[in-house]
1. Identify the single condition in (1) of a type in the set (S, T, N, Q); (2) free of Cβ contacts under 8 Å to residues at least 12 places away in the same chain; (3) in contact with a Pro (Cβ under 9 Å, 6 or more places away or on another chain) that GLN106 does not satisfy, given that it satisfies every other one.
2. I'd like the full set of residues that are of a type outside the set (A, V, I, L, M), open to solvent by 30 Å² or more (accessible area, probe 1.4 Å) and more than 13 Å from the chain's Cα centre (by Cα), limited to region 60-97.
3. If ILE118 meets every condition in (1) open to solvent by 20 Å² or more (accessible area, probe 1.4 Å); (2) of a type outside the set (Asp, Glu); (3) in contact with an Asp or Glu (Cβ under 6 Å, 6 or more places away or on another chain); (4) in contact (Cβ under 8 Å) with a residue 60 or more places away in the chain apart from one, which number is that one?
4. Tell me, please, whether a residue that is modelled with pLDDT of 95 or more and within 24 Å of ALA54 (Cβ to Cβ) can be found in region 109-131.
5. In region 172-217, which residues are over 19 Å from MET141 (Cα atoms) and of a type in the set (A, V, I, L, M, F, W, C)?
6. Inspect region 48-59 for any residue being open to solvent by 60 Å² or more (accessible area, probe 1.4 Å), without any contact (Cβ under 8 Å) to a residue 24 or more places away in the chain and either under 21 Å from ARG203 (Cβ atoms) or assigned to a loop (DSSP other than H, G, I, E, B) (or both) and give the result as yes or no.
7. Taking the options LEU150, LEU145, name whichever one is assigned to a strand (DSSP E or B), touching a Pro at 6+ places or on another chain (Cβ under 8 Å) and on the phi < 0 side of the Ramachandran plot.
8. With the requirement that a residue be touching an Asp or Glu at 6+ places or on another chain (Cβ under 9 Å), of a type in the set (S, T, N, Q) and either open to solvent by less than 10 Å² (accessible area, probe 1.4 Å) or outside any helix (DSSP H, G or I) (or both), what does region 171-209 give you?
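The values are calculated or read from the model by the stated rules, or taken from the named source; none is laboratory data. Bear in mind that the values here come from a model prediction, so they are computed numbers and not experimental data. With ideal geometry, Cβ positions are generated from the backbone for all residues, glycine too; neighbour counts draw on all protein chains shown. We work out accessible area using only protein heavy atoms, side chains counted, and drop any ligands, DNA or RNA first. Shrake-Rupley method; radii C 1.70, N 1.55, O 1.52, S 1.80 Å.
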Amino acid sequence: MKIYLATGNKNKKREMIQLLPEHEIVIPSDENINFDPDETGTTFYENSLIKAKALYDIVHCPVIADDSGICVDALGGAPGIYSSRYAGPSFMKGKPDGTKISQEEQNAFLIAQLNDVIKRGNLPDAQYLHKERSCHYTCAMVLYLGPDRLFVAQETFEGTLINRIEDSCGDGGFGYDPIVFLPEYNKTVAQISAEEKNSISHRGKAVRVIQKIIENL
């Protein structure tokens with residue numbers, strides 16, 4: 001089946017090809033489709049649905065869209081849906097002019113912001129005192145087959161943020177992966193193999209749910 005993936009992120013396309021090898025995965029730029037919808041939702045699901053519907057209205061073929069991000073518990077779940085736009089504590093939802101900072105800067109800001117919150121003891125709830133560095137990725141994925149036919153899967157992937165940006169390591173994955181530590185592997189997400197990541201990640205879990213749905217269509 002030819003499935004359009006509602007993203008301009010080639011890293012996401014690469015992961016989806018690994019996760020759904022029996023299908024043809026196409027992103028808008030592969031066919032010179034201008035695709036940049038306004039993600040005005042307040043949840044991962046709402047944003048994924050906005051992207052899925054926008055691309056379906058152009059291609060009229062099956063579309064998979066996902067919205068994902070990192071949620072730091074001690075920051076009240078931030079940056080969350082604003083993960084790609086996050087520009088430090090002064091611009092939690094992104095810069096007013098829409099410009100983005102580099103991923104390396106985002107990683108450094110996030111570690112520094114968390115360390116500052118912990119140092120000041122300004123945790124949002126007492127439950128975080130024993131897991132002050134805990135975080136998780138969230139992925140909401142939509143399989144869109146038309147206005148009246150769609151399927152949704154939402155999954156998470158738990159880890160902890162490293163203590164110092166100098167401890168950042170690994171050249172696999174993408175995004176915040178070099179600063180998310182997995183105690184069970186004693187590695188960051190960026191250090192584990194693509195196969196290992198796909199087996200436990202938020203996106204991998206969501207894809208497997210969607211894959212079963214596709215098989216039964």
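1. The single condition GLN106 does not satisfy is (2).
2. Result: HIS60, CYS61, PRO62, GLY76, PRO89, SER90, PHE91, LYS93, LYS95, PRO96, ASP97.
3. Exception for ILE118: condition (4).
4. no
5. ILE179, VAL180, PHE181, LEU182, VAL189, ALA190, ILE192, ALA194
6. Scanning region 48-59, I find no residue that is open to solvent by 60 Å² or more (accessible area, probe 1.4 Å), without any contact (Cβ under 8 Å) to a residue 24 or more places away in the chain and either under 21 Å from ARG203 (Cβ atoms) or assigned to a loop (DSSP other than H, G, I, E, B) (or both), so the answer is no.
7. None of the others qualify; the one that does is LEU145.
8. Within region 171-209, THR188, SER201 qualify.
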